[in-house]
Amino acid sequence: MKNRAEELKDIAGKSFDVCVIGGGATGAGCALDAQLRGLRTVMLEAGDFAGATSSAATKIIHGGVRYLEEAIKDVDPKEYHVVVRALHERVRMLNNAPHLTRQLQFLVPGFHWMDVAYLDIGLKIYDWLAGSARIAPSKYLSREETLERMPELKRDGLLGSVEYADGQFDDARYNLALVETFTRAGGNTLNYARVTVFGRDSAGHLSSASVTDQLSGKQFPVQAKVFVNATGPFTDSIRTLATNSLPPRMRLSKGSHILLPVEVFPSEDAMLIPKTDDGRVLFAVPWNGRLLVGTTEQEVSPEDDFFVSREDIDFMLGQLNRYLEHPVQPSQIVSGYAGARPLVSANESQSTEKLARDDVIEIDPASGLISIMGGKWTTHRAMAEDTINAVQKALGLDITECPTRSHVLHGGEGFTSDLWKKLMAAYPISKETAQHLAAKFGTAAWEVMHLTQENRNLAQPILLDSPPIQGEVVYCVREELAATIEDVLARRLGIQFYSWRDAIHAAPRVGELMAQELHWSNDQTKQAIASYVDKINRRLEQAGLQPETFSEASADHVAAS
Ligand SMILES: Cc1cc2nc3c(=O)[nH]c(=O)nc-3n(C[C@H](O)[C@H](O)[C@H](O)COP(=O)(O)OP(=O)(O)OC[C@H]3O[C@@H](n4cnc5c(N)ncnc54)[C@H](O)[C@@H]3O)c2cc1C
């Protein structure tokens, strides 16, 4: 990928066929599809790629067992269609980025025979709906088989479980792989570039956008024949920027997750708790060396700061602990995150749990803005396919075949599951580092390791006894437009999701490496480290946990070195 200055030069004041606003899953999916169909495309993201909802998912590639239940109860063919489409997209998502995805087995424990029978039938329907896209059949497991797979599951009253298969993925890295694949196909993009105003032609159709570079404060124009609004929770703000009188369509529902040491519930498999007190489901999923637990559901507005509150934690642990032999305490939480589901509604009275995760394409006749609203990660590619069909139509072009159905993403080309062994054979790195690099970067891990030939120190870990190495920071700045410490520690390396406290301790070294690459002054570096540490300590406090002691002296040392 080009660096920020080069991208700015290619974008500012230039004309494109398509301008995609928003660099989450939906926007990156649309940008890649448009560029691969031969449309000259630019994607503008106000924050970081995957900086909003797209790194806040439960990270499951699924048709949606709960939505299937709703579809059956409501006898609603539309909800049914959402599940079937997602089941087919599940396979494509798995195939297109093998380094960032995997099949995962889910066990649903049963404590009443009626529940077990209900689940067994429901999951057989899930299998049947998947048809040729089925990845493994569901089956009943006895109490003994269940406890063998999940030894920390509550024993009292346990009858058995029903097992089914879905997918799991690294949402932030999948988003970045979409962006990198897009730019390698010739597309242009910039993060920290907010669309603030539209310009119009004589017929009132959008013809340009004024963009603010959030890092420098400078403004620049971008011309395009079609504008695609893929701003997820912020969709209504772009719709009304285009046509003030458009009524709001979005309803936002906050969902929180917490991460725990995997030892509290050691298992290769994920657990689905089928009914929480508020009538939803809760997942406890092994992810990235942790147990990921979520999620909650609470209606919010786009201006809110999304964080994991003590109330969210009490709710999730309250539900989870009913299923555990040894209850988990809030003090065991190592990290967490929250985001807002962008749900589409025409009906204000419906609760957000009831809104199907379907997507809607709206073409505003007054401005020509094409908004892609709602959906879920699993269906981002299909949503993009439909959107770019609409773009080609709006441009008066024939609708061409969609190229993304089987387009392997950057890092997935030539990937094999023994990549980490090959990395270890070629470079003096630990097994944990090799596995981490293969899982985060796929075959692009070779490019990361290549940097260590330039400077051997880059093969050193960022934190002692932790897999990520310093070369990753340099790679992420040079190749993935990382511009802040959080861009690196959260979405690109995953340290912030692994442990808030580790992230605080990694910040000075990451800040120093970024300062060298981005020519930050000492003051800028100190400021960047301090504000990152403050933010993460605020997250700890909001979760009711002790903030981490962080010595100002270490930031001083870094800035001076
Ligand atoms: C708690 C939770 C759990 C979920 N779990 C799953 C799951 O397990 N599986 C699944 O399939 N789906 C899941 N989802 C749904 C999925 O995460 C979302 O559907 C998806 O990430 C939405 O992506 P998006 O690109 O539409 O929105 P976002 O990722 O929010 O991206 C929109 C982007 O637009 C940018 N933007 C806004 N205004 C402007 C502007 N003026 N100029 C430029 N850019 C702008 C924002 O900065 C933002 O980055 C979950 C969602 C939540 C909240």
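Please report, as a whole percent, how much of the solvent-accessible surface of region 394-435 comes from carbon and sulfur atoms (probe radius 1.4 Å). Walk me through the numbers on the way to the answer.
On the way: 1330 of 2570 Å².
On region 394-435, the fraction of accessible area on carbon and sulfur atoms equals 52 percent.
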Got a sec to turn the phi values of region 244-257 into Karplus ³J(HN,Hα) couplings, 6.51 cos²θ - 1.76 cosθ + 1.60 with θ = phi - 60°, whole Hz, x for Gly and Pro? 4, 7, 5, x, x, 10, 8, 10, 9, 10, 6, x, 10, 10
Under a crude label model (7 Å from the Cα following the beta-carbon direction), how far is Arg456 from Glu541 in nanometres? 4.4
A 20 angstrom limit on the alpha carbon distance is what I want to check against. Which of Lys78/Lys275; Lys59/Lys440; Lys124/Lys154; Lys2/Lys526; Lys225/Lys376 exceed it? Lys78/Lys275; Lys124/Lys154; Lys2/Lys526; Lys225/Lys376
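Could you check how much of the accessible area of region 456-557 is carbon and sulfur, as a whole percent, using a 1.4 Å probe? Please list the in-between numbers first.
Working: 1950 of 4270 Å².
Carbon plus sulfur share of accessible area: 46 percent.
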Overall form of region 227-343 per C-alpha gyration tensor (a/c, 1.5; a/b vs b/c): prolate
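Can you check what the net charge comes to around Phe198, using other residues whose Cβ is under 14 Å from the Cβ of Phe198 (Lys, Arg +1; Asp, Glu -1)?
Details: positive: Arg194, Arg200, Lys225, Arg239; negative: Asp201, Asp364.
Net charge in that neighbourhood comes out at +2.
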Where the accessible area of region 98-185 is counted over protein heavy atoms with a 1.4 Å probe, how much of it, in %, is carbon and sulfur? 57
Loop chymotrypsin sites (Phe, Trp or Tyr not before Pro), region 1-100 (other Cβ atoms within 10 Å of the site Cβ: 14 or fewer; DSSP): none
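Residue separation times 0.36 nm, minus the C-alpha to C-alpha distance between Ala203 and Asn244: what's the value? Present the calculation step by step, with values, prior to reporting the outcome.
On the way: separation 41, 0.36 × 41 = 14.76 nm, distance 1.64 nm.
Value of the extension gain: 13.1 nm.
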Please list, ordered by chain and number, the residues whose modelled amide H lies under 5 Å from the amide H of Gln460; skip anything fewer than 5 residues away on the same chain. Gln470, Gly471
Probe 1.4 Å, accessible area per residue of the chain, Å²: 40
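Does the chain come out rounded, prolate or oblate by the C-alpha gyration tensor, with a ≥ b ≥ c the root eigenvalues, rounded set by a/c under 1.5 and, if not, prolate when a/b is larger than b/c and oblate if not?
On the way: a/c = 1.55, a/b = 1.11, b/c = 1.40.
Because a/c hits 1.5 or more and a/b fails to exceed b/c, the chain counts as oblate.
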Assuming R0 = 22 Å, can you tell me the calculated FRET efficiency for the pair His519 and Lys9, based on Cβ-Cβ distance, to the nearest 0.05? 0.80
Only Lys, Arg, Asp and Glu count, each charged at its Cβ (+1, +1, -1, -1), so figure out the dipole size of the chain about its Cα centre, rounded to 20 debye. 900
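Under a point-charge model restricted to the Cβ atoms of Lys and Arg (+1) and Asp and Glu (-1), what is the dipole moment magnitude of region 182-271 relative to its Cα centre, in debye to the nearest 20? Walk me through the numbers on the way to the answer.
Values: 9 positive and 6 negative charges, 112 e Å.
Computed about the Cα centre, the dipole is about 540 debye.
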How far apart, in nm, are the 7 Å Cα→Cβ label points at Lys2 and Asp314? 5.3
Specify which residue in the list Leu159, Ile125, Ser138 is farthest towards the positive end of the charge dipole of region 103-216, using unit charges on the beta carbon of Lys, Arg (+1) and Asp, Glu (-1), about the Cα centre. Ile125
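Can you give the FRET efficiency for Glu432 and Asp74, using 1/(1 + (r/R0)^6), R0 = 45 Å, r = Cβ-Cβ distance, to the nearest 0.05?
Values: r = 47 Å, r/R0 = 1.04.
With a Förster radius of 45 Å, E is 0.45.
The values are calculated or read from the model by the stated rules, or taken from the named source; none is laboratory data. Not measured: the values here are computed from a predicted model. When we count neighbours, we look across all protein chains shown, and the Cβ atoms used for this are built from the backbone with ideal geometry, even at glycine. When the accessible area is computed, the model is the full protein with side chains, heavy atoms only, and any ligands, DNA or RNA have been set aside. Shrake-Rupley method; radii C 1.70, N 1.55, O 1.52, S 1.80 Å.
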